[in-house]
């Protein structure tokens, strides 16, 4: 969970989160570290190896929530992702979809994968990625790749909307 648990989705705030991450320096070291809020201790993202990702929105907990209420939360979460991707498409053009099927299978098989995908899997961020890039915006004017995804690690967990930024291309992993 994050400090965003159950807060309303505000598109302008989500876009601001994308912009803040886009201009943030990315760590060059390969070691991936999770970030936590210094006050609450809640998860606040991860970074390492030329990438970082942070949560933008989190639904309320779904423990004890069943259809049709659960379906309403899922539809709202998908609507938030759609609104964000539509706005980012206005800015940067059409997105590419990078599937998380191969990283998920590699995770289950305990096979190695690039640190970016390993970090997503380690944090149960298994939703397909909507990717743009290269886009300008790095702190030194360098190009970045931006990805957003909607995630849910199990049926009772909240939906989590996340943005990732990388200094290298984010591309589909090949199925070995």
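Quick note: the coordinates plus some simple rules give every number you see, no bench work behind them. Since the model is a prediction, treat every value here as computed from it, not as a measurement. Note: ideal-geometry Cβ built from the backbone for every residue, glycine included; neighbour counts use all protein chains shown.
Projected onto planes of every orientation and averaged, the convex hull of the alpha-carbon atoms in the stretch 58-161 covers 7.8 nm². The relative contact order of the chain, computed from alpha carbon pairs under 8 Å that lie at least 6 residues apart in sequence, is 26 percent.
Going by neighbour counts of Cβ atoms within 10 Å, the residues 105, 53 line up, fewest first, as 105, 53. Among 97, 148, the order by Cβ neighbours within 10 angstrom, fewest to most, reads 97, 148. Between the stretch 106-176 and the stretch 1-45, what is the separation of their alpha carbon centroids in Å? For the stretch 106-176 versus the stretch 1-45, the Cα centre distance is 14 Å.
Computed extension gain for residue 142 through residue 66, at 0.36 nm per residue and net of the alpha carbon distance, reaches 22.8 nm. Here the simple spin-label model places points 7 Å from the Cα toward Cβ, and for residue 75 and residue 44 these points are separated by 3.6 nm. When the helices in the chain are scored as -39500 (n - 2.57) per DSSP H run of 4 or longer and the sum is shared across all residues, what 222 nm value do you end up with, to the nearest 500 deg cm²/dmol? Rounded to the nearest 500, it is -10000 deg cm²/dmol. When the alpha carbon gyration tensor of the chain is reduced to an equivalent ellipsoid, its three semi-axes come out at 24, 19, 17 angstrom, largest first. Maximal additional length on extending the residue 124-residue 13 stretch stands at 37.6 nm, based on 0.36 nm per residue less the C-alpha distance.
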